[in-house]
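A.B. asks: Handing you this structure, nothing more for now.
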Amino acid sequence: MKILVYSSFTFSYLNRARVLFQTLRRHHPDWELAALITDKPPEGFAFDPASEPFDRLVWADDLGIADLRSWLFKHDVVEVCTAVKGPFLHQACSWGFDAVIYMDPDTAVLGSLDPLVGWLGEHDILLTPHLIDPNDDHAAILDNDLSASRTGIFNLGFVAIRTMGEGARFAKWWNDRLLSYCYDDMPNGLFVDQRWCDHVPALFDRVKIIRDPGYNVASWNLSTRKVSIEKDGRILVNGAPLRFWHFTKLGAVGDAMTRRYAGRNFQVYELWAWYKREVAAATDPAIPERWWAYGAYADGRPIAKSDRVLYRERGDLRAAFPDPFASGPGSFQEWLELESA
């Protein structure tokens, strides 16, 4: 089976994406790896795709999104990196691959993913739920069960499809939804790309929900997953081989949630320590922390989330200011300043 794996990120997450691709290459050297980048390299950083651990580079500009700059402005960085996943997946269905897999950049592959290939022989869409076992503890229910109810039953840091049949139909549907409705707006039932996929088991056939504890291990399911490291180096989760770990929220938040639910399961801390070393080794100091080329107006001033929301809600503003990133006379930025004066 010819397989393409892609990840969507900005340059501030290039270090994490490097770790993902390096670990993927270790286990699956024959799979093609693609980087989907919605960004521009920061000044002073010499980006050489040929030296990176992926085979194919796709910029958001390559996806053929109509009125791209206007479309980009309507999204913050998390929204846009999830929104482009749909157009890429839909277009990749025509590139000659049998299957396409998406993985978040803050993921590391720690075991063979061959079982995915077997499942894709029988199913067209593979999803991993945030939880595969119910929590009994009150705090865990508040942190994890209710969080999944708000943000989506399935974690879309992973999805795999066959590029025909129901997989291709899903890719087109997801493309359409994410181009128009990929926002962090929980009061209106949206949490970027994830809440949409709550509908997948109802809308599509040939869907497999992966309930193996070795897939998509993360802080939100550690309360029900026990990690062990065998004498031969194998890593097990509830007795099953660990396949990939989602190292979400690297930093203080991730550390706090890990401590809360790993407790005395010290092997979890060993894995986190390994991951932090790998990310540090893959970090280029020429990339400023939290860099995103589309995070500021042309004059360098940061774009407020409220500016983006106003622009996306008002068609008259989008018509009047087709390049909302501009600064100076006649710009959307100037109009905002005059309105607030």
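A.B. asks: Within the range 218-262, track down each residue that is part of a strand (DSSP E or B) and farther than 17 Å from Arg16 by Cα.
C.D. replies: Initial filter on the range 218-262 (part of a strand (DSSP E or B)): 227-229, 235-237, 240-241, 244-246.
Listed by number, the residues that qualify are Val227, Ser228, Ile229, Ile235, Leu236, Val237, Ala240, Pro241.
A.B. asks: So if I check each of Pro42, Pro29, which one is under 25 Å from Glu289 (Cβ atoms) and in a loop (DSSP other than H, G, I, E, B)?
C.D. replies: On the way: Pro29 fails: under 25 Å from Glu289 (Cβ atoms).
Criteria check complete, one pass: Pro42.
A.B. asks: Which one of these is surrounded by 13 or more Cβ atoms within 10 Å (Cβ to Cβ), more than 22 Å from the chain's Cα centre (by Cα), closer than 23 Å to Arg225 by Cβ and of a type in the set (Ser, Thr, Tyr): Tyr311, Tyr275, Tyr269, Tyr297?
C.D. replies: Working: Tyr311 fails: closer than 23 Å to Arg225 by Cβ; Tyr275 fails: more than 22 Å from the chain's Cα centre (by Cα); Tyr297 fails: closer than 23 Å to Arg225 by Cβ.
Tyr269 is the lone residue from the list that is surrounded by 13 or more Cβ atoms within 10 Å (Cβ to Cβ), more than 22 Å from the chain's Cα centre (by Cα), closer than 23 Å to Arg225 by Cβ and of a type in the set (Ser, Thr, Tyr).
A.B. asks: From the list Phe45, Phe88, Phe11, Phe73, exactly one residue is among the aromatic types (Phe, Trp, Tyr), touching a residue at least 60 places away in the same chain (Cβ under 8 Å) and more than 25 Å from Asp284 (Cβ to Cβ). Which is it? Even if it seems obvious, please write down each step before you answer.
C.D. replies: Numbers: Phe45 fails: more than 25 Å from Asp284 (Cβ to Cβ); Phe88 fails: more than 25 Å from Asp284 (Cβ to Cβ); Phe11 fails: more than 25 Å from Asp284 (Cβ to Cβ).
Just a single option satisfies the conditions, and that option is Phe73.
A.B. asks: Follow-up question, since we're still on this one. Applying the selection to the range 225-281, what residues are aromatic (Phe, Trp, Tyr) and either touching a residue at least 24 places away in the same chain (Cβ under 8 Å) or assigned by TED's automatic domain parsing to the domain that holds Ser112 (or both)?
C.D. replies: So in the range 225-281, the residues aromatic (Phe, Trp, Tyr) come out as 244-245, 247, 261, 266, 269, 272, 274-275.
Selection gives Phe244, Trp245, Phe247, Tyr261, Trp272, Tyr275.
A.B. asks: Report yes if some residue within the range 248-269 is charged (D, E, K, R) and at pLDDT 90 or above; otherwise report no.
C.D. replies: Looking only at the range 248-269, we keep the residues that are charged (D, E, K, R), and these are 249, 255, 259-260, 264.
From the residues that got through so far, the ones that are at pLDDT 90 or above too are none.
Scanning the range 248-269 turns up no residue that is charged (D, E, K, R) and at pLDDT 90 or above.
A.B. asks: Looking at the range 160-216 only, could you name the residues that are among the β-branched types (Val, Ile, Thr) and more than 15 Å from the chain's Cα centre (by Cα)?
C.D. replies: Restricting attention to the range 160-216, the residues satisfying the condition of being among the β-branched types (Val, Ile, Thr) are 161, 163, 192, 200, 207, 209-210.
Ile161, Thr163, Val200, Val207, Ile209, Ile210 - these are the residues of the range 160-216 that are among the β-branched types (Val, Ile, Thr) and more than 15 Å from the chain's Cα centre (by Cα).
A.B. asks: What are the residues in the range 53-77 that are over 15 Å from Gln91 (Cβ atoms), of a type outside the set (Phe, Trp, Tyr) and surrounded by 16 or more Cβ atoms within 10 Å (Cβ to Cβ), if any?
C.D. replies: Keep residues of the range 53-77 that are over 15 Å from Gln91 (Cβ atoms), which gives 53-55, 67, 69-77.
Those left that are additionally of a type outside the set (Phe, Trp, Tyr): 53, 55, 67, 69-70, 72, 74-77.
Within the range 53-77, Pro53, Ser70, Leu72, Lys74, His75, Asp76, Val77 meet the criteria.
A.B. asks: Among what's in the range 45-83 and is in a helix (DSSP H, G or I) and either acidic (Asp, Glu) or in the same structural domain as Ala319 (by TED's automatic domain parsing) (or both), pick the residue that is farthest from Gly300 (Cα to Cα).
C.D. replies: Going through the range 45-83, the residues in a helix (DSSP H, G or I) turn out to be 49-51, 60-63, 68-73, 77-83.
Imposing the further condition that a residue be either acidic (Asp, Glu) or in the same structural domain as Ala319 (by TED's automatic domain parsing) (or both) reduces the set to 61-62, 79.
Values: Asp61: 21, Asp62: 25, Glu79: 21 Å.
The extreme case among them is Asp62.
The values are calculated or read from the model by the stated rules, or taken from the named source; none is laboratory data. Quick caveat: nothing in here was measured; it's all calculated off a predicted structure. Glycine gets a Cβ as well: all are built from the backbone with ideal geometry, and neighbour counts include every protein chain shown.
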